[in-house]
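The values are calculated or read from the model by the stated rules, or taken from the named source; none is laboratory data. Source: prediction; values computed, not measured. For neighbour counting, all protein chains shown are included, and Cβ atoms are generated from backbone atoms with ideal geometry for every residue, glycine included. The accessibility values were calculated without ligands, DNA or RNA, using every heavy atom of the protein model including side chains. Shrake-Rupley method; radii C 1.70, N 1.55, O 1.52, S 1.80 Å.
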Amino acid sequence: MTSNPARQLDLRLRRSVWDATKRTSAVPPPVPGDILLRAQELHAAGAYEDSLALLRSVPEAESDPRALNLAGLCHLGLREHDDALSYFLAADRGFSRLHSGVWVNIAMDLIEKKNYREALRASKRALKLANDWSMPWVNVLTVYGRQSKFEHVDKVLTSMAEQWPEWSEDEELHERLLKDSDLRFVAERPFFKKHPQYQRRIETITQ
């Protein structure tokens, strides 16, 4: 792969700024407590449409699994079963992502302590909760990269492609491939030569 020296310098500067939090998972902003409480009161009173309208008025409700679960209950009360199921499934994904994020952070802490064995266990636990999210995969790749166990990396990439086919279009993962100094080796792995559909994408991201 060819590289532009100016672009490489820019990437190094961006990596140095970003290193401190590169593998942590922040909790998404929740619905304000007073609004969630009022929406719950409206649901309890049978005012399902009013509760839904209140939830729709705050953007945080789109990612707060508590709000998604409550929206599902409101749709269930309105006998809108397909909508209810959609919201319940979204809430489940949200709760799983939050729980996975805790284990992502535990893994990050263990990585920094160079306790790679336990970091790998924590990362795999995070993966079981959310294998369609970049951060658990990032930590697994980091653990093997830090130990120069590159023979394991292709297996991880293969598993990632099988379990999470959309990974090559994930913007969060793209950001980490650009900025994370622990992942610079990923683009050079034989996995990409065996899978040209991914190789073109990875070259676009990392060059």
Computed ³J(HN,Hα) along region 116-122: with the Karplus parameters 6.51/-1.76/1.60, θ = phi - 60°, integer Hz and x for glycine or proline, the list is 5, 4, 6, 4, 5, 4, 5
Take the alpha carbon atoms of region 138-200, find their center, do the same for region 90-122, and report the distance between the two centers in whole angstrom. 18
Glu41 to Glu169: FRET efficiency via 1/(1 + (r/R0)^6), r the Cβ-Cβ distance, R0 41 Å, to the nearest 0.05? 0.50
Packing-based ranking, highest mean first, of 163-174, 111-122, 96-107 given that Cβ atoms within 10 Å are counted: 96-107, 111-122, 163-174
Under 11 Å from the Cβ of Thr158, count the other residues' Cβ atoms, weight Lys and Arg +1, Asp and Glu -1, and hand me the total. +1
Straight-line reach only, C-alpha to C-alpha below 18 angstrom: list the lysines that Lys114 could link to, leaving out same-chain residues fewer than 8 apart. Lys22, Lys124, Lys149
Solvent-accessible heavy-atom area per residue, rounded to whole Å², over region 148-195 at 1.4 Å: 52
Once phi for every residue in region 84-91 is put through the Karplus expression 6.51 cos²θ - 1.76 cosθ + 1.60 (θ = phi - 60°), the whole-Hz ³J(HN,Hα) values, with Gly and Pro written as x, are 4, 4, 4, 5, 5, 5, 5, 5
Can you return the aspartates and glutamates within cross-link range of Lys113? Criterion is Cα-Cα under 19 Å, with same-chain partners fewer than 8 residues away left out. Asp19, Asp180, Asp182
Stretch gain in nm, segment Glu112-Asn69, where the contour uses 0.36 nm per residue and the Cα spacing is subtracted: 11.9 nm
Packing-ranked peptide list from 175-184, 152-161, 138-147, highest mean Cβ count within 10 angstrom first, is 138-147, 175-184, 152-161
How would you classify region 74-181 from its alpha-carbon gyration tensor, with a ≥ b ≥ c the square roots of the eigenvalues: rounded for a/c under 1.5, else prolate if a/b is greater than b/c, otherwise oblate? prolate
